[in-house]
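Structure in structure tokens, see below.
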Amino acid sequence: MKNILIIDDDIYIGNMLEEALTKEGYGISRAYSGTEALLVLSRFKPDLVLLDLMLPGLNGEEVLPQIKGIPVIILSAKVDIDNKVDLLLGGAADYVTKPFNTKRHSQAAYAKPHTDYYQVTVAGPYQ
């Protein structure tokens, strides 16, 4: 079973993601702040991280460079293209803009080995 760490302080979004991903067969762990995320990551290596940017404690931009060897998908309401590019160049595997709609897709997240990283498809932006 693939394990995904959801790092998001919004309980409703985290619960929605956890429900959708659990139904797809993924194991889920949660962290609600950047500081808690680093503590969880020091004890556990998930297959994928879903990382919000606006977190209490350390924000997502401070957490991202500290995550090594795990693909990270940024989940954020920030829409600034320069910010997206900086995060992708800084190590994020993908960037998904909130809000998004899991009902549009039959599968909320799908990760498969692809050379030395995971190729990941996530529910796209709400339209």
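Mind listing whichever residues of segment 12-45 are over 22 Å from Lys78 (Cβ atoms) and either crowded, with 21+ Cβ neighbours inside 10 Å or over 15 Å from the mean Cα position of the chain (by Cα) (or both)?
Matches in segment 12-45: Leu21, Lys23, Glu24, Gly25, Tyr26, Leu39, Ser42, Arg43, Phe44.
Take Gly14 and tell me if it is free of Cβ contacts under 8 Å to residues at least 24 places away in the same chain, touching a strand residue (DSSP E or B) at 6+ places or on another chain (Cβ under 8 Å) and not acidic (Asp, Glu).
So Gly14 fits the description; yes.
Among the residues of segment 46-94, count how many are in a strand (DSSP E or B) and surrounded by fewer than 19 Cβ atoms within 10 Å (Cβ to Cβ).
So the count comes out to 1.
Computed from the coordinates by the stated procedures, all read-outs in this text should not be read as laboratory data. Given the structure is predicted, the values throughout are model-derived calculations rather than measurements. Heads up, the Cβs are rebuilt from the backbone with ideal geometry, glycines too, and the neighbour counts pull from every protein chain shown.
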